[in-house]
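Here's the structure, in structure tokens; my notes come after.
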């Protein structure tokens with residue numbers, strides 16, 4: 001998400017920080033800032049907007065004697081809208097400490113309340129600011145910087161990559177990692193820190209990677225690594241051989257593949273702060289989601305475009321099955337031009353990655369005029385859709401560089417799963433099974449393993465089929481929207497004509513297309529009950545017409561092994577999680593097909609990332 005750069009050494013500090021921030025712009029951000037020493041005092045310059053705006057502000061307020069240590073930051077907003085005040089770095093009450101942070105602090109509400117009661121003054125709406133005040137609070141208890149920093153870290157719950165400097169300890173930078181990446185760059189009489197390798201490449205290719213629960217203390221001449229108990233850790237440096245283009249993509253050949261592989265991390269961020277581990281329950285209360293907001297709801301409209309629309313279709317199955325509330329899913333471009341039957345007992349849910357999708361925004365405004373309650377699911381804090389909604393649930397997926405959406409889709413589905421479980425407990429006094437909550441908790445690790453394993457299988461299959469010109473995707477029940485999404489991914493990045501269909505509808509037209517040159521991708525899961533057998537029957541209809549089948553099915557699906565030319569087994573899971581596990585191999589299949597066809601994977605022709613016009 002956010003970008004971090006830090007430096008300690010004898011170079012001029014501002015050129016190092018600004019160059020590092022420029023190299024991190026690809027990550028996406030809404031504000032930028034730097035901190036350094038000037039006349040032995042902390043000096044912070046930050047601005048809403050781009051690194052260019054930061055450079056302009058620095059030029060107009062040029063510091064006289066900027067010195068290291070220094071920190072720079074580009075922010076992707078999660079708590080508090082994009083603004084000068086919410087931009088990093090953040091400082092303590094006395095102007096002694098300055099801190100930058102990437103991640104989400106789950107328990108910041110409690111910590112902030114505790115610190116305010118002790119007299120600490122906050123200047124932003126961020127979760128980050130609690131960290132610098134917490135370190136300050138321990139220093140107020142006459143602890144040294146190192147002890148105070150370690151003590152503060154032990155109080156934090158959530159994800160963090162942290163860089164901290166102190167004007168009273170100008171020969172040190174304190175660094176910590178938990179669930180958010182940190183890289184230490186090693187130089188001669190100088191050292192660096194960054195959230196990602198590209199920021200370091202102009203200065204060094206010799207790096208150390210921090211692991212979760214580790215702290216590094218940087219000085220000009222050395223780097224020491226510790227665990228949270230203060231035990232010293234020895235680590236061998238790594239030499240980076242990537243060029244800049246490869247480094248921005250994390251060593252992946254394309255941003256799209258990088259983002260597919262980032263989905264476990266995105267899931268982790270979406271879950272942060274939303275599972276009560278003690279009660280084994282979902283908790284959205286801190287995000288303003290109260291029972292009274294949902295009382296008297298008689299119908300739900302979910303409105304979106306493209307991939308987000310497919311996430312809404314998944315939600316229809318989840319909500320109607322678990323909550324017994326009728327759900328209508330609409331394409332925003334259609335919804336806004338008909339006469340929807342909406343009143344004050346209607347819940348309108350807008351789904352948009354960018355929060356700026358023109359048709360979705362127009363539909364939201366129409367629903368608002370008709371007195372509906374407005375809930376939005378989006379990825380960009382402070383976006384127009386978010387601002388105009390009664391309640392917002394942020395996916396926390398981080399920026400997507402590739403035009404084709406992957407991690408935004410999975411995190412939208414995950415939000416709908418969490419919301420369904422939350423409302424089920426709220427209105428039916430029925431907490432979801434502990435086994436399901438345990439799967440949610442383990443989901444990032446399960447997906448990380450799954451992505452790597454399934455990619456190898458899909459890559460082999462793509463080599464057989466990349467020359468086809470048409471493809472049919474079939475699914476039923478909750479896998480029908482995934483068939484639609486799989487077909488969309490294939491057509492938008494490989495330019496192969498592909499159609500997603502409800503498998504039961506195949507005999508009402510599409511079956512006329514089937515022949516030996518027309519592959520059909522079939523999705524079938526035993527967890528969907530009788531529709532698994534129905535899908536099997538549909539696959540047999542394809543096969544009897546000599547149509548080749550590529551099957552993505554449950555483990556030990558012996559019937560499909562006999563029918564299919566190629567088959568990928570999907571691990572068994574609960575019904576609600578099927579869309580997440582089934583869509584990943586389809587994303588990878590589309591990616592590999594596109595690469596083999598020589599397509600511009602990250603920038604498909606004629607497409608834009610955010611559709612802000614009608």
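The values are calculated or read from the model by the stated rules, or taken from the named source; none is laboratory data. These figures come from a predicted structure and were not determined experimentally. Don't worry about glycine lacking a Cβ; one is built from the backbone with ideal geometry, like all the others, and counts go over all protein chains shown.
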Original post:
Can you tell me which residues in region 1-12 are at pLDDT below 95 and surrounded by 24 or more Cβ atoms within 10 Å (Cβ to Cβ)?
Top reply: 1, 2, 3
**OP:** Kindly check whether there is at least one residue in region 315-331 that is part of a loop (DSSP other than H, G, I, E, B), in contact with a strand residue (DSSP E or B) (Cβ under 9 Å, 6 or more places away or on another chain) and under 30 Å from residue 400 (Cα atoms).
**Re:** no
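If I filter region 412-419 for residues that are within 30 Å of residue 540 (Cβ to Cβ), within 27 Å of the chain's Cα centre (by Cα) and assigned by TED's automatic domain parsing to the domain that holds residue 379, do I get at least one hit?
Checking region 412-419: at least one residue is within 30 Å of residue 540 (Cβ to Cβ), within 27 Å of the chain's Cα centre (by Cα) and assigned by TED's automatic domain parsing to the domain that holds residue 379.
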Original post:
If we scan region 338-356, do we find a residue that is assigned to a helix (DSSP H, G or I) and either outside the structural domain of residue 397 (by TED's automatic domain parsing) or under 18 Å from residue 393 (Cα atoms) (or both)?
Top reply: no
Original post:
If you go through region 162-190 one residue at a time, how many are farther than 18 Å from residue 229 by Cα and at pLDDT 95 or above?
Top reply: 18
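Condition check ((1) outside the structural domain of residue 518 (by TED's automatic domain parsing); (2) buried (at least 22 other Cβ atoms within 10 Å of the Cβ)) across all residues:
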residue: 405; (1), (2): yes, yes
residue: 424; (1), (2): yes, no
residue: 427; (1), (2): yes, no
residue: 468; (1), (2): no, no
residue: 475; (1), (2): no, yes
residue: 480; (1), (2): no, yes
residue: 497; (1), (2): no, no
residue: 500; (1), (2): no, yes
Original post:
Consider residue 242 against the criteria (1) surrounded by fewer than 20 Cβ atoms within 10 Å (Cβ to Cβ); (2) closer than 23 Å to residue 215 by Cα: it satisfies all of them except one. Which criterion is unmet?
Top reply: (2)
**OP:** Looking at (1) part of a strand (DSSP E or B); (2) on the phi > 0 side of the Ramachandran plot, find the lone condition where residue 374 falls short.
**Re:** (2)
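On the basis of being touching a strand residue (DSSP E or B) at 6+ places or on another chain (Cβ under 7 Å), in the same structural domain as residue 72 (by TED's automatic domain parsing) and either touching a residue at least 40 places away in the same chain (Cβ under 8 Å) or not in a helix (DSSP H, G or I) (or both), does residue 236 make the cut?
no
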Original post:
Looking at region 26-140, what helices (runs of 4 or more DSSP H) fall wholly within it and have at least 2 residues that are in the same structural domain as residue 173 (by TED's automatic domain parsing) and within 20 Å of residue 153 (Cα to Cα)?
Top reply: 108-117, 129-140
Original post:
Just checking, how many residues over region 73-102 are touching a strand residue (DSSP E or B) at 6+ places or on another chain (Cβ under 9 Å) and over 17 Å from residue 33 (Cβ atoms)?
Top reply: 1
Subject >> Unique residue being in a helix (DSSP H, G or I) and more than 23 Å from residue 580 (Cβ to Cβ) when the list is 540, 527 >> reply: 540
**OP:** Look at residue 484 and say whether it is part of a strand (DSSP E or B) and closer than 21 Å to residue 525 by Cα.
**Re:** no
Subject >> Considering residues of region 63-79 that are more than 21 Å from residue 196 (Cβ to Cβ) and in contact with a helix residue (DSSP H, G or I) (Cβ under 9 Å, 6 or more places away or on another chain) only, the residue modelled with the lowest pLDDT >> reply: 63
Original post:
Is it true that residue 311 is farther than 22 Å from residue 607 by Cβ, at pLDDT 95 or above, in contact with a strand residue (DSSP E or B) (Cβ under 7 Å, 6 or more places away or on another chain) and not in a strand (DSSP E or B)?
Top reply: no
Original post:
Within the set of pairs 6 or more residues apart or between chains, which connect a residue that is under 13 Å from residue 220 (Cα atoms) inside region 166-179 to a residue that is outside any strand (DSSP E or B) and at pLDDT below 95 with Cβ atoms less than 6 Å apart?
Top reply: none
**OP:** For region 152-161, state whether one or more residues are modelled with pLDDT under 95, more than 21 Å from residue 227 (Cβ to Cβ), in the same structural domain as residue 43 (by TED's automatic domain parsing) and surrounded by fewer than 22 Cβ atoms within 10 Å (Cβ to Cβ).
**Re:** no
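Which of the residues spanning region 543-560 are more than 29 Å from the chain's Cα centre (by Cα) and in a loop (DSSP other than H, G, I, E, B)?
The answer is 544, 545, 546, 547, 548, 556, 557.
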**OP:** Residues being touching a strand residue (DSSP E or B) at 6+ places or on another chain (Cβ under 6 Å) and loosely packed, with under 15 Cβ neighbours inside 10 Å: count how many of those fall in region 527-560.
**Re:** 1
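Residue-by-condition table, conditions (1) closer than 23 Å to residue 25 by Cβ; (2) modelled with pLDDT of 95 or more; (3) surrounded by fewer than 22 Cβ atoms within 10 Å (Cβ to Cβ):
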position: 192; (1), (2), (3): yes, yes, no
position: 195; (1), (2), (3): yes, no, no
position: 200; (1), (2), (3): yes, no, no
position: 205; (1), (2), (3): yes, no, yes
position: 216; (1), (2), (3): no, yes, no
position: 219; (1), (2), (3): no, yes, yes
position: 223; (1), (2), (3): no, yes, yes
position: 226; (1), (2), (3): no, yes, yes
position: 233; (1), (2), (3): no, yes, yes
Subject >> Boolean, residue 593 is under 16 Å from residue 487 (Cβ atoms), without any contact (Cβ under 8 Å) to a residue 40 or more places away in the chain and assigned to a helix (DSSP H, G or I) >> reply: no
Original post:
How many residues, within region 99-125, are crowded, with 17+ Cβ neighbours inside 10 Å and in contact with a helix residue (DSSP H, G or I) (Cβ under 7 Å, 6 or more places away or on another chain)?
Top reply: 9
